[in-house]
Every structure is written in structure tokens, then in C-alpha cells.
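Asks: Right, I'll just put the structure down here and ask away after.
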Amino acid sequence: LILIHIFISCPSHPPYHRQTVKQQYQATHEAKAIDTSSMIFHRVIINLFVTLGAAAFAVAFVPTAIVPKVRRIQSFAVTAEPETETEPIAKAEVFPGVKLPEDEEVPPRLENTHTNDLVGDYIVNAAPKIFGSTLGRLKSDGLQAAQNLFIDSTLDHFDGEVPDQKDYKFFGNSKHSENLTYLLKTNPFFAFALTERAEGGFEIMSFDPTDPENKNDDAPLYRKLVSTLSGPGRRVNFLFDESMKITGFEVYDDITGQRIMDDEDKQEERACAVIYNILWYASNVHATIHVLHYLMTSAFQVASEDYADMNQWAETYASNIVHKIDQVANVLCTGPDVPTSFLTGVMGMGGSQENRVLDKEVLDMWGQNPTAKGFVECMMNISPEKMESANILTEFNKHCELIKPFATDTANALREIDQDKYTVADHRLKDYLKKCGTFKSEINCLEQWIELMSVTGVMHGGTLSMNRLHADPDIMRYINRNAKHWDLADVNVIVGGLGSVIGMEDGRRVMSSTTNADYAPKLQAVLDEYDETSSALKEAYKAKIMDERDVFNNYGWILSDFCPDGFDGKQLTMTTYI
């Protein structure tokens, strides 16, 4: 703590407090070069931070198999904990007031050894090297070393699936306008930030000049979240025609809100700003999915405890969820006492405690719209007709169309196996979720539970492409755009962001037929049917995107989210186990 205080107090170091817009503006125009003596000081302590930073990151991220066993007791503090499913402990609140029911038992903690071993390998072997190769270096030198280390430690597990590995751009090609367009059309985290324009077409509106203080309660979620993001250069809008071709962009002054007339040759730079804004928004939505899955899987475990055939399936969902909610509570979305928190800390992506309130509103919105259709409608700002016409989320929607019949058929199978036990579990599931603190749940039956878990699972698979943006130097420099060197806050976000996409386990996908052992025959038959159908969609899509080899090699890192398990390390994840 003393070293951190000295480091952030150094006059040459970018300030780590939340700046006012005026201070941000002054920093933009008055930034001074780091003098030689300060640089020497930085370099002396950088090696200390490499060790300390990696150690701190390991405490939050590393699986319990790598570090001494820990146990949480209603706080973020760390003490001893068993390795397997015994001795369950209730977690601290990620969002104020949202917690497991106080009058219900806490379900067993189930670990995923496969996933945690892979994460542990990254923590021990790759993360310290990324710290060492990045911290204090010039941003203009890029992040090639970090990219190579990530490929070596993670993507090598899957490189056999990519036929032209030497030509394949695992982290994109720096054509940021094209990257933005592909992300908006295929990744639900990005597509949900789009809005329709009154003049026709679509836009990404980070700033509304008619509502500069963002007081409009009807403002889209994306704009609400971006308005809480500190740092200069956030007020950038992008415009698209009806086919999602970029038609222009708008930039607004950080202080006055007046339009800045930018040259067209700055489009790539401005696209980076918008991608960073959406990544920030998407990271908040991502954290909220983790909280939802923690509540949902806990409820399913407890509700099914007297129905063995249902509980077997519930435990498949619950595997590693508690371990991941630990990471959310320690690394992503925390109270004000954790400065390195990605979403809420002063050394994170630029957020504050404000976005925890907005994230809680999103969680409640999902709980009150507990179907696949309801979820998409409350998140998407574009009509289904215009989405189809512009080819937005085409593959995502194909998988979503399977969800309602999947939920109905699966629930019917479990009902047929044992009607009485099903009825008890169904009622208990509903009651449990209504007692999760301030969480507003209208999830009234197992069918709705399956729908909401499935649609958020398909969406969560999009993190495996979008979080590779944490290794794109042009995007990551927007954590602190004015600084010339990668500092501790930058590297904290880069290393942690890459760590969040590690641990994919083959078979742990939405509508998976099995991961370890067969289920009851009636349930197994339904799972086999839908697993086969969804897998056929993925195989057909894989063949389609590989037909255009140049597009595939440049943008496959985005497009391959809807390919079969393991293709470029991707998967439509069953839950937030990764």
C-alpha cells in the first residue's frame, strides 16, 4: 500500500482520482513530458509492481487449487476454504441489497477443475510476463508481447481449428471502423448499444447534445452507462445507414458539449474511442450476467435438492459459478475500498460507484422479463424487422429461436419423470428467487428459468471475442488517453481482461446434452435433440464464414463466436463458469 501511494503520488504519473470534465480538458492541453529523473524512479519501482501486481491479481483470480484454500465470510476478506463442494458460504453483495435468501441454506460450492487449472496456468506463467513486458513501456510500441503470451498460454489449445494460423488475426487487423461494424452486427454485447435514427439507419450515441447532462430517464442504457465514464474523448457518436455502412461520426467537446468538426481521416481514431465506450458498457452487462447466474443456479440447486434427476442437471449449471462470483466481487464490481476494481475502482476502466446502481437496474429488468423474447426486447433498441434487414445478430437470433421450445420440452421431460417432485421444485424455485434481497424477480416457473439462463448463456459467449480487445493497444490507450506509457491501471485492466476469457471446457455449452454423465433417459433425449440442432447451426455457420477466407482471417476473431466449441477458443457458454 505504501508503494502504491508513492507511485500514484509521483508528479509525473497520471492522477488516479476521478477527474471533473474541466480537469480532464486541462489535462488534455497541458500534459507534460516525463522527465528523466521521474522515469528512473518509475523504472526502479516497476519491477516491484510486476511482482506485487501479479500477486494481487493471483489472489483475486487464481483457482483454489493454486493458492492456499480460502474461505469468504460475508466480506471481500480472504481466509481458509476447502477445495471441493463442502462448507458453502454466502457471498458478499456485488450490487447493494442483492443477496441469497437469509432463511435458506447456502448450496454447495462446486468447482470446475478443468477451467481453474487453465486459469491457474495463465496466472502463474503468462500474467507476470505480461505485467513485465507492458508496465512502463511506451503505448506506441503496442502490445505484441502480451498478444503473443496470450496465444502461447491459451489459444494454442485451439489453434488446430484455425486452418491458416499464420494469416489469422487473433486480435484483429487495426482496421477499427471495420471491427466496430462487425462487432455491432454479430456480438449482442455491442449490438444492444445501437439505436435507430429518426432519419433512418442506426447510430451509436455516446452523447446527446440535446440532453448534455443526461437527465432523460428514457435514455438508452448504453448512454446512461457511458455518461458515468470518466476521462476525455468519450463524446463520440457513429452513424450508419440501413445496411450498417458507416456514414459519418460526430465528436463533441468535453466541457461545452459543442460539436467539433473533425476531419474524415480521424475516423479510425474515433472508432477506437467508441469501441472502448462499448467495451465499458458491455463489461457492466457482463458483470450483471454473473450476478444473475449466481442467484439463478443457487436457486436451482436448493429447489431441486429433493429431486435427484433434476438436481443432477442443476449441479451441471452450478459448476464454478461461485468461484466466478468471487472474481466479480473482487475484480470487476466492488465497493469503494477496492481501487483496482475494473468497473468501479479509480484504477480501473474509468467507472465509479454510479454504475453499480445502473447495473442493479439492469438485473431487475431481466428478472421482470424472464423469457428469451422478453430479454432481447428489453435490451435491444432496434425493431426485429430492421435487425433482419441489416443482418444484425442473425446467428444470435437463430439460437434464440430454439430457446423457448427447448425450455418447454426440457421442463415437460422433468415433469414426466416425477410430477410431484417437479411441482415442489417449481414452487420452491419461484419462492427462492423472490427472496434474493432487493432483486425484483418475476421468474415464476422452471421454463422461464431455462429461457433466461439460455439466452444469457448465448450472450455470455460473446465475451470470448470482445475481451480480446484488452490486448488491442489502440483501444486500451483510452483507459488514460493522455498518458504516453502503460501504467499500473492500464496493465491491471489488460491482464485481468485477458484472464476473463480463459478456461473454456468442451461440452459446457448452451443446450449441451452432457458434460460428465448421462441424465435420466427422458431428460437426456431432449438434451440430445437440441444439442444436435444447435450444433448443426454452428457447423453450417463455420463453413459459411470460412468460404470468404480473407474476411475470415481478418475478422474471424469476431465472427467465430457462433462456431462449434473450441473453434478459436470460442463457445456459447452454458453459464458464467468461465
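The values are calculated or read from the model by the stated rules, or taken from the named source; none is laboratory data. Note that the coordinates shown come from a computational prediction; the quantities given were computed from them, not determined experimentally. Because the Cβ atoms are built from the backbone with ideal geometry, glycine has one as well, and the counts that use them run over all protein chains shown. For accessibility, only protein heavy atoms count, side chains too; no ligands or nucleic acids. Shrake-Rupley method; radii C 1.70, N 1.55, O 1.52, S 1.80 Å.
Asks: Could you look at the range 120-246 and say what percent of its accessible area is carbon and sulfur, using a 1.4 Å probe and all protein chains?
Replies: On the way: 2290 of 5140 Å².
For the range 120-246, the apolar C and S fraction of the accessible surface comes to 45 percent.
Asks: Ignoring ligands, DNA and RNA, please state the percent of accessible area on the range 263-353 from carbon and sulfur, probe 1.4 Å. Please list the in-between numbers first.
Replies: Working: 970 of 2070 Å².
Result for the range 263-353: 47 percent of the exposed heavy-atom area is carbon or sulfur.
Asks: How much length is gained if the chain between residue 253 and residue 199 is pulled fully straight, taking 0.36 nm per residue apart and subtracting their Cα-Cα distance, in nm to one decimal? Spell out each step's value before the answer.
Replies: Working: separation 54, 0.36 × 54 = 19.44 nm, distance 2.38 nm.
Extending this stretch completely gives an extra 17.1 nm.
Asks: Still on this structure: Using a ≥ b ≥ c from the Cα gyration tensor of the range 120-181 (square roots of the eigenvalues), is it rounded, prolate or oblate, where a/c under 1.5 gives rounded and otherwise the larger of a/b and b/c decides, a/b for prolate?
Replies: Numbers: a/c = 2.47, a/b = 1.12, b/c = 2.20.
Oblate, since a/c reaches 1.5 and b/c is not below a/b.
Asks: May I pose another question? Given a Förster distance of 41 angstrom, what is the FRET efficiency for residue 445 paired with residue 148, based on the Cβ-Cβ distance and rounded to 0.05?
Replies: Numbers: r = 49 Å, r/R0 = 1.20.
Using R0 = 41 Å, I get an efficiency of 0.25.
Asks: A further question on this structure: Could you state the number of Å between the C-alpha centres of the range 433-475 and the range 159-219?
Replies: 19 Å
Asks: Grab the beta carbon distance between residue 544 and residue 306, set R0 = 35 Å, and tell me the FRET efficiency rounded to 0.05.
Replies: Values: r = 46 Å, r/R0 = 1.32.
So, using R0 = 35 Å, E works out to roughly 0.15.
Asks: Now for a separate question. At a probe size of 1.4 Å, how large is the accessible area of residue 262, to the nearest 10 Å²?
Replies: Accessible surface of residue 262 is approximately 40 Å².
Asks: Would you work out what percent of the accessible area of the range 482-578, with all protein chains in place, is carbon or sulfur (probe 1.4 Å)?
Replies: On the way: 1500 of 3010 Å².
On the range 482-578, the fraction of accessible area on carbon and sulfur atoms equals 50 percent.
Asks: Quick one: grab the alpha carbon gyration tensor of the range 427-578, order the square roots of its eigenvalues as a ≥ b ≥ c, and give me rounded if a/c is under 1.5, else prolate or oblate depending on whether a/b is larger than b/c.
Replies: Oblate is the answer for the range 427-578, as a/c is 1.5 or above yet b/c matches or exceeds a/b.
Asks: Still on this structure, I have one more. What is the distance, in nm, between label points placed 7 Å from the Cα along the Cα-to-Cβ direction at residue 262 and at residue 103?
Replies: So the label points at residue 262 and residue 103 sit 5.5 nm apart.
Asks: Something else: Taking only protein heavy atoms into account and a 1.4 Å probe, give the accessible area per residue of the range 434-560 in Å².
Replies: Values: 3910 Å² over 127 residues.
Accessible area per residue, the range 434-560: 31 Å².
Asks: With a/c under 1.5 counting as rounded, go ahead and sort the range 246-394 into rounded, prolate or oblate using the C-alpha gyration tensor (a ≥ b ≥ c being the square roots of the eigenvalues; past the cut-off, prolate if a/b is larger than b/c, else oblate). Before the final figure, lay out each step's value.
Replies: Working: a/c = 2.89, a/b = 1.60, b/c = 1.81.
Oblate, since a/c reaches 1.5 and b/c is not below a/b.
Asks: Exceeding 24 Å between C-alpha atoms, which entries from my cross-link table qualify? They are 129/360; 129/484; 360/421; 324/522; 169/224; 398/440. Each step should come with its number before you reach the end.
Replies: Numbers: 129/360 36 Å; 129/484 21 Å; 360/421 33 Å; 324/522 31 Å; 169/224 33 Å; 398/440 29 Å.
From the list (129/360; 129/484; 360/421; 324/522; 169/224; 398/440), the Cα-Cα distance tops 24 Å for 129/360; 360/421; 324/522; 169/224; 398/440.
Asks: Amide H neighbours of residue 575 under 5 Å, at least 5 residues apart or on other chains, H built in the peptide plane: list them.
Replies: When sequence neighbours closer than 5 places are left aside, there are no close amide H contacts.
Asks: Residue separation times 0.36 nm, minus the C-alpha to C-alpha distance between residue 397 and residue 515: what's the value?
Replies: 40.0 nm
Asks: Roughly what would the spin-label model give for residue 217 and residue 427, points 7 Å off Cα along C-beta, in nm?
Replies: Each label point lies 7 Å from its Cα, and together they span 3.7 nm.
Asks: How much accessible area does residue 486 have with a 1.4 Å probe, in Å² rounded to the nearest 10?
Replies: 0 Å²
Asks: Protein chains only, probe 1.4 Å: how do 410, 533 rank by accessible area, largest first? All intermediate terms of the calculation are to be shown ahead of the outcome.
Replies: Details: 410 0, 533 60 Å².
So, going from the largest accessible area down, we get 533, 410.
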